[in-house]
Amino acid sequence: MYLVDTNVISAGAPRKPPSADLVAWMERHSATLYLSVVTVAEIEDGVAKSAREGASRKAATLAAWLEAVLHLYGDRILPFDTATALIAGALSDPTRSQGQAPGFADIIIAATARRHGLTILSRNLRHFVPLWVPALDPFAGLPAG
């Protein structure tokens, strides 16, 4: 089971050259894929940025795509709750003490993955390696199965 990072779910976003193999793999394995609420916030941030910059057609297209993602993932969108916050706090300090400075969004995603026993699918493995959570880059090679 996998927690899909924003940079992976966005492979299926409109106006992006699709990674056909990845999109097909995700469709076949959709029941085992989860999102963090952080991803929802990051996509909504992109919608708001497009609107602010006057790219209203792009904003509308992304907003419609986000609605489809919310519908498809439904109860597989995992919250940032108290239990996950405690894990995030426990991950954050040891990482900083080793000279690493992952962003808070990545810490939340890593904590969510740890809490639910998920492997992160991300293009940015360097963000998650210091957080001691399993992570794979599906652009480098799709998971078996």
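Of everything in the stretch 89-138, what is closer than 18 Å to TYR2 by Cβ and β-branched (Val, Ile, Thr)? Give them in sequence order.
Matches in the stretch 89-138: ILE108, ILE109, THR112, THR119, ILE120, VAL129, VAL133.
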### Summary
Here the residues within the stretch 50-63 that are assigned to a helix (DSSP H, G or I), free of Cβ contacts under 8 Å to residues at least 40 places away in the same chain and surrounded by 12 or more Cβ atoms within 10 Å (Cβ to Cβ) are SER50, ALA51, ALA59, ALA60, ALA63
### Query
In this structure, does THR32 turn out to be surrounded by fewer than 16 Cβ atoms within 10 Å (Cβ to Cβ), of a type in the set (Val, Ile, Thr) and either over 16 Å from the mean Cα position of the chain (by Cα) or farther than 22 Å from ALA135 by Cα (or both)?
no
### Message
Can you tell me which of (1) closer than 14 Å to ASP5 by Cβ; (2) surrounded by 12 or more Cβ atoms within 10 Å (Cβ to Cβ); (3) in contact (Cβ under 8 Å) with a residue 24 or more places away in the chain is the one MET26 doesn't meet?
### Response
(3)
### Task
Look at ALA64 and say whether it is more than 19 Å from THR6 (Cα to Cα), at pLDDT 95 or above, more than 17 Å from the chain's Cα centre (by Cα) and among the aliphatic types (A, V, I, L, M).
no
### Task
Please note which helices (runs of 4 or more DSSP H) are completely contained in the stretch 66-145 and include at least 1 residues that are loosely packed, with under 15 Cβ neighbours inside 10 Å and in contact with a helix residue (DSSP H, G or I) (Cβ under 7 Å, 6 or more places away or on another chain).
82-97
### Message
Checking PRO14 against (1) modelled with pLDDT of 95 or more; (2) in a loop (DSSP other than H, G, I, E, B), only one condition comes out false. Which one?
### Response
(1)
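The values are calculated or read from the model by the stated rules, or taken from the named source; none is laboratory data. Just so we're clear, the structure is a prediction, and the values are computed from it rather than from any experiment. Here the Cβ is made from the backbone with ideal geometry for all residues, glycine too, and neighbour counts use every protein chain on show.
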